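Trainee: After the structure tokens below, expect a handful of questions from me.
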Amino acid sequence: MALTKAKIERNIRRIEENVQTACAKANRRPEEVSIIAVTKTVEFEPVSWLVDLGMTELGESRVQHLITRGQELAEHLRRRRQQPARVVRWHMIGHLQRNKVKAVLDRSEIIHSVDSLRLAEDINARAEKLSRRISVMLQINCSREDRKFGIAVGAATHLGELVSTLANIRLVGLMTMARLSDDAEAARPAFIRLRELYEEMRGDKIGGDDFRHLSMGMSQDYQVAVEEGATMLRIGSALFEE
Ligand SMILES: *Cc1c(COP(=O)(O)O)cnc(C)c1O
């Protein structure tokens, strides 16, 4: 059976209901939580359906995808006489190599995956040339396992201080990827750690008022993430389930 627009619509509704339930449980308002649709596993047509269905926050983990998807979608929206820049916001959520910074800044609104000072400095330099201020998050390794990417919890505050002084960067929050597991509860300790770190950094006034996002929670564990304070969920496969 093929994926259809109606199936995607049902998936969106189900996810939204689950988010509402999790918000009610945690005494939070659903408006505090946005869903970023991660499109890395699908062809272009389902991406266009998502946008038609009102999903306007889109995420990609690879620069090349960000480029081709962005172009395809811009073309699609132009045919409908819509301004792409007003309709969708792209989020860069995967590991970013320093030589790809330029391509990303041309195409995305928020970079979730800053994991070194050198990368932040490169982003800042490039943003300065464009006379822009770029929103970034620090990717934190909260799962106490050898993850390839992400800053150690113990190093985050210091790095946050340095990054937040860069003039063309807006430090808007923290991001983490929990351990992949069939059991959503397995992710909870990592989400709690990220929230505690976030509260500590807010207490230190790092990033000021801009610092207000927790990007955590994927298809397996987004309800738990909402319960622990997520403001941005990065959801892929649950949107495209048949
Ligand atoms: C792929 C990806 C997601 C979405 O994962 P799903 O399990 O498909 O929801 C979220 N965040 C990052 C960084 C990813 O690469």
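Trainee: If HIS158 passes every condition in (1) within 16 Å of the ligand (Cβ to nearest atom); (2) at pLDDT 95 or above but one, which one does it miss?
Mentor: Among (1) within 16 Å of the ligand (Cβ to nearest atom); (2) at pLDDT 95 or above, HIS158 violates only (1).
Trainee: Collect the residues in segment 7-37 that are within 22 Å of GLU185 (Cβ to Cβ), outside any helix (DSSP H, G or I) and within 13 Å of the ligand (Cβ to nearest atom), keeping them in residue-number order.
Mentor: Matches in segment 7-37: ILE35 only.
Trainee: Just checking, how many residues over segment 56-115 are open to solvent by 50 Å² or more (accessible area, probe 1.4 Å), in a helix (DSSP H, G or I) and within 16 Å of the ligand (Cβ to nearest atom)?
Mentor: Going through segment 56-115 one residue at a time, the tally reaches 3.
Trainee: In segment 209-224, how many residues are more than 16 Å from HIS112 (Cβ to Cβ) and more than 9 Å from the ligand (Cβ to nearest atom)? Walk me through it before giving the result.
Mentor: Kept after step one, since they are more than 16 Å from HIS112 (Cβ to Cβ), are these residues of segment 209-224: 209, 219-221, 223-224.
This time we only want the ones that are more than 9 Å from the ligand (Cβ to nearest atom), so: 209, 223-224.
Going through segment 209-224 one residue at a time, the tally reaches 3.
Trainee: If you check GLU241, GLU185, GLU227, GLU199, which single one turns out to be away from the ligand (no atom under 14 Å from the Cβ), in contact (Cβ under 8 Å) with a residue 60 or more places away in the chain and open to solvent by 40 Å² or more (accessible area, probe 1.4 Å)?
Mentor: On the way: GLU241 fails: away from the ligand (no atom under 14 Å from the Cβ); GLU185 fails: in contact (Cβ under 8 Å) with a residue 60 or more places away in the chain; GLU199 fails: in contact (Cβ under 8 Å) with a residue 60 or more places away in the chain.
Going through GLU241, GLU185, GLU227, GLU199 in turn, the sole match is GLU227.
Trainee: Could you list, in sequence order, the residues of segment 43-55 that are open to solvent by less than 20 Å² (accessible area, probe 1.4 Å) and either within 16 Å of the ligand (Cβ to nearest atom) or part of a strand (DSSP E or B) (or both)?
Mentor: Start the filter on segment 43-55 by keeping residues that are open to solvent by less than 20 Å² (accessible area, probe 1.4 Å), which leaves 46-48, 50-51, 55.
PRO46, VAL47, LEU50, MET55 - these are the residues of segment 43-55 that are open to solvent by less than 20 Å² (accessible area, probe 1.4 Å) and either within 16 Å of the ligand (Cβ to nearest atom) or part of a strand (DSSP E or B) (or both).
Trainee: For the subset of segment 202-224 comprising residues that are among the acidic types (Asp, Glu) and surrounded by fewer than 23 Cβ atoms within 10 Å (Cβ to Cβ), which member is nearest to LEU3 (Cα to Cα)?
Mentor: Initially, segment 202-224 is screened for residues among the acidic types (Asp, Glu), giving 204, 209-210, 221.
Within this subset, residues satisfying the condition of being surrounded by fewer than 23 Cβ atoms within 10 Å (Cβ to Cβ) are 204, 209-210.
Details: ASP204: 47, ASP209: 41, ASP210: 38 Å.
Among those residues, the one meeting the criterion is ASP210.
Trainee: Which condition number in (1) open to solvent by less than 10 Å² (accessible area, probe 1.4 Å); (2) hydroxyl-bearing (Ser, Thr, Tyr); (3) more than 13 Å from the ligand (Cβ to nearest atom) is the one that THR176 fails?
Mentor: If we test THR176 against (1) open to solvent by less than 10 Å² (accessible area, probe 1.4 Å); (2) hydroxyl-bearing (Ser, Thr, Tyr); (3) more than 13 Å from the ligand (Cβ to nearest atom), just (3) comes out false.
Trainee: Condition (residue is under 22 Å from MET92 (Cβ atoms) and surrounded by fewer than 19 Cβ atoms within 10 Å (Cβ to Cβ)) applied to segment 3-22: is it met by at least one residue?
Mentor: no
Trainee: So, MET232, is that one in contact with a Lys or Arg (Cβ under 6 Å, 6 or more places away or on another chain) and either under 30 Å from LEU3 (Cα atoms) or open to solvent by 70 Å² or more (accessible area, probe 1.4 Å) (or both) or not? Give the steps one after another, and end with the answer.
Mentor: Numbers: in contact with a Lys or Arg (Cβ under 6 Å, 6 or more places away or on another chain): no; either under 30 Å from LEU3 (Cα atoms) or open to solvent by 70 Å² or more (accessible area, probe 1.4 Å) (or both): yes.
Spelling it out, it is not the case that MET232 is in contact with a Lys or Arg (Cβ under 6 Å, 6 or more places away or on another chain) and either under 30 Å from LEU3 (Cα atoms) or open to solvent by 70 Å² or more (accessible area, probe 1.4 Å) (or both).
The values are calculated or read from the model by the stated rules, or taken from the named source; none is laboratory data. Remember, predicted model here, so these are calculated numbers, not experimental data. In this analysis, Cβ positions are derived from the backbone assuming ideal geometry, glycine residues included, and neighbour counts consider all displayed protein chains. To get the accessible areas, we keep the full protein, side chains included, count just its heavy atoms, and leave off ligands, DNA and RNA. Shrake-Rupley method; radii C 1.70, N 1.55, O 1.52, S 1.80 Å.
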